[in-house]
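The values are calculated or read from the model by the stated rules, or taken from the named source; none is laboratory data. Every value quoted in this text rests on a predicted model; they were computed, and no experiment measured them. A quick note on method: Cβ atoms are made from the backbone with ideal geometry, for glycine too, and the neighbour counts reach across all protein chains shown.
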Amino acid sequence: MTRFKSGARTDVLIVGGGIIGLAVAWRAAQRGLRVVVVDPAHGGGAAMVAAGMLAPVTELQYGEEPLLRLGMASNERYAAFAAELEEASGLPTGYRACGTLAVALDSDDREELRELHAFHRRLGLDSTWLTGRECRRLEPMLAPGVRGGLHVADDHQVDGRRLAAALVAACERAGAVLHRAEVAELLVTADRATGARLSTGERLDAERVVLAAGPHSHLLPGLPAGVLPPVRPVKGQILRLRVPAAYRPFLSRNVRAVVRGQHLYLVPREDGELVIGATSEEQGYDTTVTAGGVYELLRDAHDLVPGITELPLVETSAGLRPGSPDNAPLLGPTALPGLVAATGHYRNGVLLTPVTADLLADYLATGVLPDLAAPFSPGRFSTGPTSFEPSPPAKALA
Ligand code: GLY
């Protein structure tokens, strides 16, 4: 860990060293900015639990076309981003251009997928309708009852844990300072964010502060009321299985379905790990793995791919997605001068990492936010105070 000099001037202070904060730091450092990222454990956060699906098309929701454009822009950058990151860090990212198959288990699911396919076609997205037999030809481990599906050749995957480790190394090599500490308070002077006080008592002054603390972002002590909406935690439980060498390839691409109304996905990594996710629970900041969560994932995954019950189960875990009020990210300057948001990525944090980093680094280097980020301005929720009263002291956070 590189140390910053207490009291030294920093161009950009990033609060939160998950993949979003780290990627912004890496890109900003590449632009010549002096960057410090404060977090008690850099490279942690939601990416530790994420399956890492890069699925702007198969995860498309009606009415979310601006988010689709952002997701497509990020997906298009991913291969180059991962290659550059691997080169810069000397570490793998687990990026795998494997495509995704979304399947239907009954006739209701098939109708829903047909509608999604029609929506894809209206938007000019590349997705192909397959019969159940054609789905099983692509993925022979699928249940015989699969009724049909959509093949999306450009929805891929990356390994969130490897991505985070590579970003830590790339940041350090690019000269960004990763400071292991908790932020005790945002400092606001004359209605402008000017830095942070750390739990160690150190004070860090900065030209700009980027808030990238996921579902803790709005809880930053000192953040004036009305500047950032609540970023709520949405719990996801996930399972990791291991496919023994003799069984490979067990699955060749991401496989997903809606089972009993829940989104289910199986993400097979090149190294034999098979990730099954994820629950979606509004349980506050609780990250307990529950018997019910594990049971539902295994039951639903078994309906889809019966052979999973033969595989060793090697890990269960739970994480928190950061959801904004409209489930789209908060990107760019806030109503508080000097304070910039990069949070609220909800189900799409891994997918949106490259584009978030590029957009934020552009803004930090030039003062101009690219048009692609305009629909995601934090100002869409701002209650518009003109004089900023700091919020009362609260618990310190990363
Ligand atoms: N993007 C997958 C999830 O949030 O579960």
inquiry  = Could you go through region 77-91 and let me know if any residue there is outside any helix (DSSP H, G or I) and modelled with pLDDT of 95 or more.
reply    = yes
inquiry  = Can you pull out every residue in region 341-357 that is more than 16 Å from the ligand (Cβ to nearest atom) and either in a strand (DSSP E or B) or free of Cβ contacts under 8 Å to residues at least 12 places away in the same chain (or both)?
reply    = Ala341, Ala342
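Of all residues in region 11-31, count the ones that are surrounded by 24 or more Cβ atoms within 10 Å (Cβ to Cβ) and either outside any helix (DSSP H, G or I) or among the basic types (Lys, Arg) (or both). Write out each step before concluding.
Step one: filter region 11-31 for residues surrounded by 24 or more Cβ atoms within 10 Å (Cβ to Cβ), giving 12-28.
If we keep only those that are either outside any helix (DSSP H, G or I) or among the basic types (Lys, Arg) (or both) as well, we get 12-18, 27.
Residues that pass the stated criteria total 8.
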Considering residues of region 41-56 that are more than 13 Å from the ligand (Cβ to nearest atom) and not in a helix (DSSP H, G or I) only, the residue surrounded by the most Cβ atoms within 10 Å (Cβ to Cβ) = Gly45
inquiry  = Let me spell it out: the conditions are (1) aromatic (Phe, Trp, Tyr); (2) outside any loop (DSSP other than H, G, I, E, B); (3) surrounded by fewer than 22 Cβ atoms within 10 Å (Cβ to Cβ), and Tyr62 meets all of them except one. Which number is the exception?
reply    = (2)
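Restricting attention to region 244-303, and to residues there that are at positive phi and touching a Pro at 6+ places or on another chain (Cβ under 8 Å), which single residue is farthest from the ligand (Cβ to nearest atom)?
First, pick out the residues of region 244-303 that are at positive phi: 260-261, 272, 284.
Remaining after also requiring touching a Pro at 6+ places or on another chain (Cβ under 8 Å): 272, 284.
Values: Gly272: 21, Gly284: 17 Å.
Only one residue fits best here, namely Gly272.
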inquiry  = List pairs: first residue in region 49-67 and under 22 Å from Arg114 (Cα atoms), second residue in a loop (DSSP other than H, G, I, E, B) and within 10 Å of the ligand (Cβ to nearest atom) anywhere in the structure, Cβ distance under 8 angstrom, at least six positions apart or on different chains.
reply    = Met53/Glu59; Met53/Val350; Met53/Leu351; Leu54/Val350; Leu54/Leu351; Ala55/Leu351; Pro56/Leu351
remark   = Going through (1) surrounded by 17 or more Cβ atoms within 10 Å (Cβ to Cβ); (2) within 16 Å of the ligand (Cβ to nearest atom); (3) of a type outside the set (A, V, I, L, M) one by one, Gly338 fails only at (2)
